[in-house]
1. Lys pairs in region 21-78, Cα-Cα under 22 Å, at least 8 apart or on separate chains: how many?
2. What is the extension gain from E23 to F47, computed as 0.36 nm multiplied by their sequence separation minus the C-alpha to C-alpha distance, in nm to one decimal?
3. Using Cα springs under 10 Å in a Gaussian network model of the chain, which residue among L38, L54, L72 shows the largest mean-square fluctuation?
4. Convert 20 °C to kelvin, take the viscosity as 1.002 mPa s, use the Kirkwood radius over C-alpha pairs of the chain as Rh, and evaluate the Stokes-Einstein diffusion coefficient in µm²/s, rounded to a whole number.
5. Hey, what angle do you get for helix 7-42 against the long axis of the chain, alpha-carbon based, 0 to 90 degrees rounded to 10?
6. Under 5 Å between amide H atoms, partner at least 5 residues away or on a different chain: which partners does V44 have, H built in plane at 1.01 Å?
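Just so it is clear, none of the values below were taken in a lab; they were calculated from the coordinates. None of the values given here were measured: they were computed from a predicted structure.
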Amino acid sequence: MILTMNLQQFNELKEKMEGLKAEANRAEGALSQLRSQLKKEFDVGTFKEAEALLNKLEREEKTAEKEYESALKDFEEKWKGVQ
């Protein structure tokens, strides 16, 4: 099969390719910026490390929430008759 392409088709394809390259460059820049921000704010170098840190923080949050609920319940029981 022989492909034939006229100049207009070539230019359209070239323009589309240039747009895709620009989009890829923007995405690469955004990714680099996110990596820098993760390193600066959370001292993690990879997205895998960031995910592990997120999981750890979520577990800590759940533990703290349970401790708060328990302390609140104890407080309410201790002081329920006082106004």
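1. Lysine pairs satisfying the spacing and distance rule in region 21-78 number 9.
2. Working: separation 24, 0.36 × 24 = 8.64 nm, distance 2.14 nm.
Result: 6.5 nm gained on full extension.
3. L72
4. On the way: Rh = 18.5 Å.
This corresponds to a translational diffusion coefficient of 116 µm²/s.
5. 30 degrees
6. Hits under the 5 Å cutoff: K39.
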